[in-house]
Structures are given as structure tokens and as C-alpha cells.
Amino acid sequence: MTELETLERAKIYMEKLANGINPIDGSVIPDEDVVNNVRLSRCFFYVSDVLRQVIENGGVTPQKKSKKEPFSLTVEQREAFDFSAAPIPISEISKRINMLSANANMSTLSYAAIRDWLMSLGMLEHALDGNGKNVARPTPQGESTGIALEARNGANGPYFVVVYNLAAQHFILDNLDAIIDYNSVKAENQGQPWSPEHDRCLLDLHQKGVPVNEIAVTLKRGSGAVRSRLKKLGITE
């Protein structure tokens with residue numbers, strides 16, 4: 001019997017024990033038997049899942065991915081940013097910023113992180129486009145910084161893109177640390193379950209008319225997570 005076959009048999013045994021089945025003769029194990037103790041059953045299920053992962057990985061224990069370092073750039077790296085004389089979208093700015101780092105074990109700076117920070121400053125705001133889709137649009141304050149709405153033509157007809165001129169690009173690079181810090185604090189509870197206390201705070205702030213991006217900062221979550229929760233609670237569509 002090969003090692004993989006042995007692992008597969010062990011997995012089957014664990015699954016049967018977890019389900020209260022005698023792995024030798026297939027009979028039902030009496031409820032009062034210690035094997036049916038709920039804590040042991042959980043252990044059997046856990047071991048069975050570990051064995052499944054090992055089998056799917058060819059008999060080798062899967063390596064856990066190491067947690068990536070927070071995004072950061074040195075002064076020298078920032079000075080190498082490729083500024084564009086022509087206005088460019090925020091996604092292109094994010095791409096050029098991330099290209100400055102050669103550290104594969106470092107997190108990237110998403111365009112959403114930059115966008116949310118600009119919204120917190122009142123330079124961008126949410127609006128509905130012609131299709132009823134929620135999009136970002138520059139405010140008068142944003143326009144004075146160099147953010148503009150540019151019309152373009154695509155395969156499906158004309159559309160609009162928010163672009164950033166040279167001054168706006170410099171503004172983002174000059175405030176890179178503020179952007180990183182803002183999103184670091186905001187996302188502290190990202191991925192964590194919503195507690196009744198957080199739901200009550202969310203509803204209270206929403207009823208008071210507090211903008212989503214400010215609610216996100218208060219609850220230390222992403223703006224998208226806040227909108228999704230409001231929709232799930234039936235507050236928004």
C-alpha cells in the first residue's frame with residue numbers, strides 16, 4: 001500500500017468515526033460510547049480535513065502562506081514614480097506606485113485605498129451614472145486639486161473616466177503615508193463578524209446622515225463592507 005493510499009484510508013476512518021460509524025465493520029456506534037463525544041467528533045472532522053488537504057497536495061503537508069508586510073515605500077522609491085503629463089486614471093496611479101516596490105512579500109496599495117482616502121477629504125463623492133451604477137465623481141474641491149471627469153468612447157459607446165492631472169498625481173504621492181495610515185486604521189475590523197453593537201452603531205450613524213466613508217472609519221471597516229451590511233439589513237437597496 002502506498003503512502004497516499006494509507007492517508008486515504010486514515011481519512012475514511014476519521015470520517016466514519018466523526019459520524020459515529022465503526023470503521024472496521026460499518027456498524028453504528030452506540031450513542032453512549034465515548035467516540036460519540038461531541039469534542040472527539042470535532043477532532044475527527046478536523047483530522048479528516050487535514051488529511052484531505054495533505055492528499056490533495058500529493059502527500060505533502062500544505063505550507064501556510066506567510067502574512068504579507070504592510071505596504072510602504074522609501075523616499076528614494078517614491079522619487080522614482082513615473083509622473084504622467086497627461087491625466088491618468090487612479091488605477092494607473094496605483095499600478096505605477098506598486099511597481100516602485102520589488103518586495104514580493106509586501107501588500108499592494110489598491111486604487112480603492114487611494115479613492116477612499118480622497119473621499120474622506122471630500123475630493124470625490126458617490127454618484128449614480130446613467131445605468132444606475134454607483135460611481136465616484138470629483139467634487140469642486142477635487143477639481144481644484146486636478147481631478148476631472150473625462151469622456152471617452154468605447155466598444156459599447158461613450159463613457160466617463162475620472163482622471164488625475166500632474167498636480168493631482170503629486171498630491172497623492174506627497175500624501176502617500178496619510179493614505180496608508182488611513183486605510184490601515186479603517187480596515188482593522190475588515191473580515192471580522194458584525195456584532196450587534198456594530199450594527200446598532202452603523203444604523204445610528206446612517207440615520208444621522210453620516211457619509212459611508214466616515215462610517216467606515218468609525219467602525220474600522222472598508223466602505224464596501226459598510227454598504228453591503230446596510231443592504232443586508234434592508235436599509236438600502
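The values are calculated or read from the model by the stated rules, or taken from the named source; none is laboratory data. Worth saying up front: this structure is predicted, and the values here are computed from it rather than measured. Cβ coordinates were reconstructed from backbone atoms using ideal geometry, including for glycine residues, and neighbour counts include every protein chain displayed. For accessibility, only protein heavy atoms count, side chains too; no ligands or nucleic acids. Shrake-Rupley method; radii C 1.70, N 1.55, O 1.52, S 1.80 Å.
Solvent-accessible area assigned to carbon and sulfur over the stretch 190-234 amounts to 52 percent, based on a 1.4 Å probe. Considering every alpha-carbon pair of the stretch 64-199, the percent of pairs per 10 Å bin, from zero through the bin containing the longest distance, is 11, 36, 32, 18, 3.
In the chain, the DSSP-assigned H stretches of four residues or longer account for a calculated mean residue ellipticity at 222 nm of -14500 deg cm²/dmol, using -39500 (n - 2.57) per stretch and the full residue count as denominator. With the charge dipole of the chain set up from +1 on Lys and Arg Cβ and -1 on Asp and Glu Cβ about the Cα centre, the Cα lying farthest toward the positive end among the listed residues TRP194, TYR111, ASN156 is that of ASN156.
Among 2-11, 209-218, the peptide with the highest mean count of other Cβ atoms within 10 Å heads the list, and the full ranking is 209-218, 2-11. When peptides 136-148, 195-207, 24-36 are ranked by their average number of other Cβ atoms within 10 Å per residue, the highest-first order is 136-148, 195-207, 24-36. At a probe radius of 1.4 angstrom, the accessible area of the chain per residue rounds to 63 square angstrom.
Of the solvent-accessible surface of the stretch 1-117, computed with a 1.4 Å probe and all protein chains present, 56% belongs to carbon and sulfur. Measuring between their Cα centroids, the stretch 103-120 and the stretch 65-85 lie 11 Å from each other. Measuring how big the chain is from its alpha-carbon positions, Rg and Dmax come out at 26.0, 78 Å.
Residues whose amide H falls under 5 Å from that of VAL162, counting only those 5 or more places apart or on a different chain, are GLU150, with hydrogens built in the peptide plane. Screening the chain for whole DSSP H helices with an alpha carbon extent of at least 18 angstrom along the helix axis and a mean Kyte-Doolittle hydropathy of at least 0.5 yields 38-56.
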